[in-house]
Amino acid sequence: MSDSGVVINEFGLPSNPAEDDGPRILGATLAITTLALIAYLTRMYVRLIMVRNVGLDDYFMSLAIALVVSGQGVIWGSIVYGAGRHMGDIPLEHISTGLKLNFVSQPIFLIAICVTKLAVGATLLRIASTKFYRRLILGIMGFMAFYTTGCFFTVVLQCTDIRALWDQSIPQNCWSQSTLKGLSYTNVALNILTDLLLALIIPIPMLWNLNVNRRTRFSLIFALSLGAFACAAAFIKVGFLVNYGKTGDWLWDSRDISIWTVMECNTGIIAGSLPALRPLFKKVLGTSLGYGNASSGRITGSGYIRQDTLKSKTRKSMVTGKSGTDETSSERAFNYYEMNDHKAAEGNGKTQGVDGATFFVTEVDARSSDESVHRVKPLAVSPGPNRRGGAEGITKTTTMTVDYIARQA
């Protein structure tokens, strides 16, 4: 809305009763928060019920959605107490509460944005196939945690007594607006940089060389690249920081900043949750399209794909002392492997398990530029103990994820 009708009332505050952006703030933030909550709940259904495999990225995302929902409640309260209206149009007894809630929402979403990116970083760690990418991702995650901590302290320590931000009776002894704006611009710039790194710059080359079929590769790249929308939201937010607080009309000036901050965080949650929904998409598409029958190695309308883990022992060489596989990259890469055109029975081994389930053990081919990685021979899943003999040597227990089709009764 235009500010052309704003006047200064008898209390020296800007006023224009015709302008009220409270409903717009609530509608925009509540809509995107609801979508993010649906994406998160679907993600946890897949992880807890379908694949029964919860990881660090899920814990980060759970914390992020808890912060976002809490922040949405704070924003709702701030709207009740005047957010989206001019200061002169808010009852005097409500201004202090509105300003306080507006302030409280800032560190909540500051931390929520960081935790969301940590969740995306942890997702990338699941599929990182070399030490280079793992170290790079961990370095970015550590950097995000470091600069977010710094930003948090600049927010809460900007005044000698932080209550001065919402209580006019307390003397103002705060940093200048130019200093605070400079810090805000720095925070936004770092957010944009890390968004680009985690959404495009790292995933595309890393997934491009991942040994999975083309459909899987492109679906993962597309899902993670949606995080670029969070970057776009951060760019848009910069334009509203320019005039923030120039006239002291804080609850009016913050309306678009609040909307795009919530957009940035929730878009990251949605984009970060999409890769985890692939088993659900495979189940739904497999049922609707009818992939032949299980005996031919294809998904049927009465079956579903599930990922699980099994422990195998990789023998170490007594001469070289090196393991035959890079167990770290193999374990993580397996979480996002799918059967190549669902024809695992022909190339990778097949055996019957309990309850008539058919297991397909996919062959690992995770190669690293800085370590020796050899191909793992197809495993046979057997209900009995491993009785194969062999030379004595050092063994190491590793975790490997396998796909299997479980037939429903």
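The values are calculated or read from the model by the stated rules, or taken from the named source; none is laboratory data. Since the structure is predicted, the reported quantities are computational estimates derived from the model, not experimental observations. Here Cβ is always computed from backbone atoms with ideal geometry, including for glycine, and neighbour counts include all displayed protein chains.
Remarks
- Scanning region 160-215 for residues that are assigned to a loop (DSSP other than H, G, I, E, B) and aliphatic (A, V, I, L, M) yields I170, I202, L210, V212.
- Looking across T42, T130, T148, one residue alone is in contact with a Cys (Cβ under 6 Å, 6 or more places away or on another chain) and of a type outside the set (K, R). It is T148.
- Within region 123-178, considering residues that are closer than 16 Å to P205 by Cβ and polar (S, T, N, Q), the one surrounded by the fewest Cβ atoms within 10 Å (Cβ to Cβ): T130
- Subset of region 38-61 that is outside any helix (DSSP H, G or I) and either aliphatic (A, V, I, L, M) or over 13 Å from the mean Cα position of the chain (by Cα) (or both) - its residue that is nearest to G121 (Cα to Cα): V54
- Flag if Y40 is crowded, with 17+ Cβ neighbours inside 10 Å and in the same structural domain as T116 (by TED's automatic domain parsing): yes
- Contacts under 6 angstrom Cβ, first residue in region 228-243 being within 23 Å of Q177 (Cβ to Cβ), partner outside any loop (DSSP other than H, G, I, E, B) and of a type in the set (S, T, Y), 6 or more apart: L241/S184
- Annotation note: Cβ proximity below 7 Å between a residue of region 151-165 that is without any contact (Cβ under 8 Å) to a residue 12 or more places away in the chain and a residue that is surrounded by 15 or more Cβ atoms within 10 Å (Cβ to Cβ) and in a strand (DSSP E or B) (sequence gap 6+ or interchain) occurs for A164/C174.
- Residues satisfying the stated conditions in region 92-122, i.e. under 16 Å from the mean Cα position of the chain (by Cα) and farther than 22 Å from I201 by Cα: F109, L110, I111, A112
- In region 78-90, the residues that are within 18 Å of A28 (Cα to Cα) form Cβ pairs under 7 Å with partners that are assigned to a loop (DSSP other than H, G, I, E, B), at six or more places apart or across chains, as follows: G82/I90; A83/S254; G84/D21.
- Here V74 clears all of (1) out of contact with any Cys (no Cβ under 7 Å at 6 or more places or on another chain); (2) assigned to a helix (DSSP H, G or I); (3) in contact (Cβ under 8 Å) with a residue 60 or more places away in the chain; (4) crowded, with 17+ Cβ neighbours inside 10 Å except the condition numbered (3).
- Check on A83, surrounded by 18 or more Cβ atoms within 10 Å (Cβ to Cβ), within 30 Å of I201 (Cα to Cα) and either in contact with a Gly (Cβ under 7 Å, 6 or more places away or on another chain) or not assigned by TED's automatic domain parsing to the domain that holds C151 (or both): no
- Within region 16-37, restricting attention to residues that are in contact (Cβ under 8 Å) with a residue 60 or more places away in the chain and hydroxyl-bearing (S, T, Y), the residue that is surrounded by the most Cβ atoms within 10 Å (Cβ to Cβ) is T29.
- For region 192-220, taking the residues that are β-branched (V, I, T) and more than 15 Å from S129 (Cα to Cα), the one that is farthest from the chain's Cα centre (by Cα) is identified as T216.
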